[in-house]
């Protein structure tokens, strides 16, 4: 499983490498927020990840079509990495407890 994370992190631009960690932390905070339902958390994290990806790639100065597509892809990859790493942690923790 470490190979999958290493491959995905290689696909992220340098500025987005810490984004999955930030998204895991934001997701944990959202989970503790009373008004936020659990099913909403991946959608919120996806929106944050894509917005961050768009901002990072826009600053890179690529042409319009390229930064838009690359930003969306970077955001989806970062969000996917954060969800995968959290699920690996949670499933391992709960498996060990049962």
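The values are calculated or read from the model by the stated rules, or taken from the named source; none is laboratory data. Source: prediction; values computed, not measured. All Cβ positions, even for glycine, are placed from backbone atoms using ideal geometry, and neighbour counts span all protein chains on display.
Observations, loosely collected:
- Pairs with Cβ under 6 Å, 6+ apart, first in segment 49-77 and in contact (Cβ under 8 Å) with a residue 60 or more places away in the chain and on the phi < 0 side of the Ramachandran plot, second buried (at least 20 other Cβ atoms within 10 Å of the Cβ) and assigned to a helix (DSSP H, G or I): 74/16; 74/53
- Count of segment 27-41 residues which are surrounded by 17 or more Cβ atoms within 10 Å (Cβ to Cβ) and within 14 Å of residue 79 (Cα to Cα): 2
- Enumeration of residues in segment 69-79 that are surrounded by 14 or more Cβ atoms within 10 Å (Cβ to Cβ) and farther than 17 Å from residue 24 by Cβ: 70, 71, 72, 73
- Candidate set: segment 9-25, residues that are within 12 Å of the chain's Cα centre (by Cα) and surrounded by 16 or more Cβ atoms within 10 Å (Cβ to Cβ); chosen: the one modelled with the lowest pLDDT: 12
Residue-wise test of (1) modelled with pLDDT under 90; (2) surrounded by fewer than 18 Cβ atoms within 10 Å (Cβ to Cβ); (3) more than 17 Å from residue 15 (Cα to Cα); (4) in contact with a strand residue (DSSP E or B) (Cβ under 8 Å, 6 or more places away or on another chain).
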residue: 49; (1), (2), (3), (4): no, no, no, no
residue: 55; (1), (2), (3), (4): yes, yes, no, no
residue: 61; (1), (2), (3), (4): yes, yes, no, no
residue: 67; (1), (2), (3), (4): yes, no, no, no
residue: 81; (1), (2), (3), (4): no, no, no, no
residue: 90; (1), (2), (3), (4): yes, yes, yes, no
